[in-house]
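Inspection log for the structure reproduced underneath, given as structure tokens.
The values are calculated or read from the model by the stated rules, or taken from the named source; none is laboratory data. Remember, predicted model here, so these are calculated numbers, not experimental data. As a convention, Cβ positions derive from the backbone with ideal geometry for all residues, glycine included, and neighbour counts pool all protein chains shown.
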């Protein structure tokens with residue numbers, strides 16, 4: 001497989017090419033507000049399974065799904081209590097939130113308890129990609145499972161870089177650490193990682 005790398009702001013033609021690759025099941029590496037990530041279109045099960053293989057990660061450890069806006073949560077989750085999700089947060093570094101009641105058609109994105117995790121990205125480039133693919137974007141650290149989180153593109157192993165379809169490298173202020181994680185359980189908020 002040949003990897004295409006974009007190391008600048010994408011022009012319209014390049015952006016359309018990236019969207020086409022993602023919509024056809026392609027795997028991408030990209031920067032986030034936290035760490036570098038591997039992703040794909042969340043609604044393409046075959047692509048999600050490829051990401052598990054690439055990371056050598058157990059299927060019982062579901063990935064984070066990036067959204068462009070919390071209004072889209074109801075497409076993937078049954079019975080959302082929007083009062084609970086109005087959680088105080090740092091706007092540039094939002095938490096990952098684990099929700100109960102994943103819709104059946106997206107069960108391949110949930111854990112054994114039917115929970116699914118989402119984070120609303122503040123990154124404009126990622127919001128644009130998510131909106132264009134009309135789906136969440138898988139977001140998991142761009143490393144083999146158990147290895148250190150990649151804070152920069154230079155920290156990503158060549159085996160991972162060479163195994164994806166596209167590498168996108170645009171300027172993002174990254175924290176260099178994974179997002180905080182909050183779990184919603186019976187309309188109560190539980191902090192799993194701060």
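If we scan segment 22-32, do we find a residue that is assigned to a loop (DSSP other than H, G, I, E, B) and free of Cβ contacts under 8 Å to residues at least 40 places away in the same chain?
Yes, that holds for at least one residue.
Of everything in segment 25-41, what is in contact with a helix residue (DSSP H, G or I) (Cβ under 8 Å, 6 or more places away or on another chain) and over 19 Å from residue 15 (Cβ atoms)? Give them in sequence order.
Within segment 25-41, 36, 38 qualify.
Residues are listed down the side, and each one gets a yes or a no for (1) surrounded by 21 or more Cβ atoms within 10 Å (Cβ to Cβ); (2) touching a helix residue (DSSP H, G or I) at 6+ places or on another chain (Cβ under 6 Å); (3) in a helix (DSSP H, G or I):
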position	(1), (2), (3)
93	no, no, no
98	yes, no, no
105	no, no, yes
118	yes, no, no
126	yes, no, yes
132	no, yes, yes
146	no, no, no
149	no, no, no
174	no, no, no
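If I ask for residues that are within 22 Å of residue 16 (Cα to Cα) and in a helix (DSSP H, G or I), which ones from segment 153-172 would you list?
Across segment 153-172, the qualifying residue is only 161.
Within segment 46-56, does at least one residue satisfy the condition of being modelled with pLDDT of 95 or more, surrounded by 20 or more Cβ atoms within 10 Å (Cβ to Cβ), touching a helix residue (DSSP H, G or I) at 6+ places or on another chain (Cβ under 7 Å) and within 24 Å of residue 104 (Cβ to Cβ)?
Looking through segment 46-56, at least one residue is modelled with pLDDT of 95 or more, surrounded by 20 or more Cβ atoms within 10 Å (Cβ to Cβ), touching a helix residue (DSSP H, G or I) at 6+ places or on another chain (Cβ under 7 Å) and within 24 Å of residue 104 (Cβ to Cβ).
Looking at this structure, is residue 79 assigned to a loop (DSSP other than H, G, I, E, B), at pLDDT below 90 and on the phi > 0 side of the Ramachandran plot?
Criteria met by residue 79.
Name the pairs: first residue in segment 9-21 and at pLDDT 90 or above, second residue exposed (fewer than 15 other Cβ atoms within 10 Å of the Cβ), Cβ to Cβ under 9 Å, at least 6 apart or on different chains?
What qualifies is 14/8; 15/128.
Just to verify a result, which residue in segment 53-69, among those that are assigned to a helix (DSSP H, G or I) and in contact with a strand residue (DSSP E or B) (Cβ under 9 Å, 6 or more places away or on another chain), is farthest from residue 141 (Cα to Cα)?
The residue in question is 54.
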